[in-house]
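Working notes for the structure below.
The values are calculated or read from the model by the stated rules, or taken from the named source; none is laboratory data. Treat the numbers as computed from the prediction; the structure is a model and nothing was measured. All Cβ positions, glycine included, derive from the backbone under ideal geometry; neighbour counts span all protein chains shown. Surface areas here come from the heavy atoms of the whole protein model, side chains and all, with no ligands, DNA or RNA. Shrake-Rupley method; radii C 1.70, N 1.55, O 1.52, S 1.80 Å.
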Amino acid sequence: AFVSNDANVGSIGSLGSFTATIWFKLVSQPTNTANQGPRFFIVGANGVIDSGVANSISMLFNTALGNGFASNAIVARINTTQFTVPLYSPMPLGVWQFLALTYDGTANAMIYYGTEATPAKLMCINNIGAQTVNLGPTGTVQIGNRHSGRNRRIAGSLDEFRFYTGAADATFVENVRQSSCPVVISGLAPDGLTLQQGTNALGFTASSAN
């Protein structure tokens, strides 16, 4: 999903602290080791077409070798600064997994990880110094791929991307995990149905034509 030149995103303006969360369910492992890691999400100023640039926030699989990060590690990028969470391939398949990235506006970036069955756990704290991300006057949101080239897709499903202004503590993150977790309803023909709750913290209109 892509949206660009969006005034709703841009209205967030200049960010110090923030929190972003997303659910994902893989059907296969990332296999490319040529620095072509799948993107979970990218939020940025208009004109941002990939992660790791000024005025952008993103999470992805890093599939590059020889750069200090393990192959297929989950990483986050705030502007041009990258840091990793100790979650490496192989990742669970067919399981809803939860990620939360929060930055306190001063120095510390934190990543939480949970699943549909396990609480969100703080996996890493990185001192990345002072970071400011300006999303205005118009911005972009890219989910499941990047806008440039579109060859960085997640092999599976994504759900419930949420973005909040302000840093989150562990309780807030776990509350988001619980409130947005896929709910499995049993006993429905032929073999059950998965319902997704529809709470949106950031609303925008995406078009497959863009």
Enumerate the strands (runs of 3 or more DSSP E) found wholly within the stretch 65-124, keeping only those where 1 or more residues are open to solvent by less than 30 Å² (accessible area, probe 1.4 Å), aromatic (Phe, Trp, Tyr) and at pLDDT 90 or above. 97-103, 108-115
Quick check on the stretch 97-112: of everything there that is free of Cβ contacts under 8 Å to residues at least 60 places away in the same chain and under 14 Å from the mean Cα position of the chain (by Cα), which residue is nearest to residue 130 (Cα to Cα)? 109
Filtering the stretch 47-63 down to residues that are more than 12 Å from residue 142 (Cβ to Cβ) and crowded, with 19+ Cβ neighbours inside 10 Å, which residue is modelled with the highest pLDDT? 55
